[in-house]
Amino acid sequence: MMMLRKMPALLFAGSLAFAAGCDGEEDDGGAGGTDGEDRAATILSLEGDASAGAMVFSAGACATAGCHGPDGVSGMASPSLDASVPSATDTQIVNSLLNGKGSMPAQSNLSDQELADVLAYVTDTFG
């Protein structure tokens, strides 16, 4: 009986653990400006590759059920990408990637090119 009362807390803690892992495991140094605005401008100036962005997205924890899911819409993250990306500007998406948003952790450990690729992927797929 005691375990049943603790189950919601355990499920919540588990979902937080998944969300915290959404930033992947590699640290490419994130070339770009030291200031967040400079880095966002650098990322926005790069040519993104949607195919490479799909690989970055699916290689990290973001594609797990605890985050956005492999299809970007079936995970526990809310709102799903098909609901949030169409109404967001590229600048807003990059800022969300760099700084996190809500329960989504920052993805700032990714390189500028990887972030530009993820931007291309999410806008091409969900925009």
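Condition check for Ala77 on (1) within 21 Å of Val122 (Cα to Cα); (2) assigned to a helix (DSSP H, G or I); (3) among the hydrophobic types (A, V, I, L, M, F, W, C); (4) modelled with pLDDT under 85: one failure, at (2).
Each residue in segment 94-116 was checked for being closer than 18 Å to Gly69 by Cα and assigned to a helix (DSSP H, G or I), and 2 of them qualify.
When segment 21-38 is limited to residues that are surrounded by fewer than 20 Cβ atoms within 10 Å (Cβ to Cβ) and outside any loop (DSSP other than H, G, I, E, B), the one that is modelled with the highest pLDDT turns out to be Asp38. Is there a residue being within 14 Å of Ala41 (Cα to Cα) and over 12 Å from the mean Cα position of the chain (by Cα) anywhere in segment 92-107? Yes: one or more hits. Quick one: is Ser51 surrounded by fewer than 18 Cβ atoms within 10 Å (Cβ to Cβ) and modelled with pLDDT of 95 or more? So Ser51 fits the description; yes.
Taking the criterion of being without any contact (Cβ under 8 Å) to a residue 40 or more places away in the chain and either in a loop (DSSP other than H, G, I, E, B) or farther than 14 Å from Thr123 by Cα (or both), the residues of segment 80-93 that qualify are Ser80, Ser87, Ala88, Thr89.
The values are calculated or read from the model by the stated rules, or taken from the named source; none is laboratory data. Keep in mind the model is a prediction, meaning the values are calculated, not measured. So basically every Cβ, Gly included, is an ideal-geometry build from the backbone, and we count neighbours across all protein chains shown.
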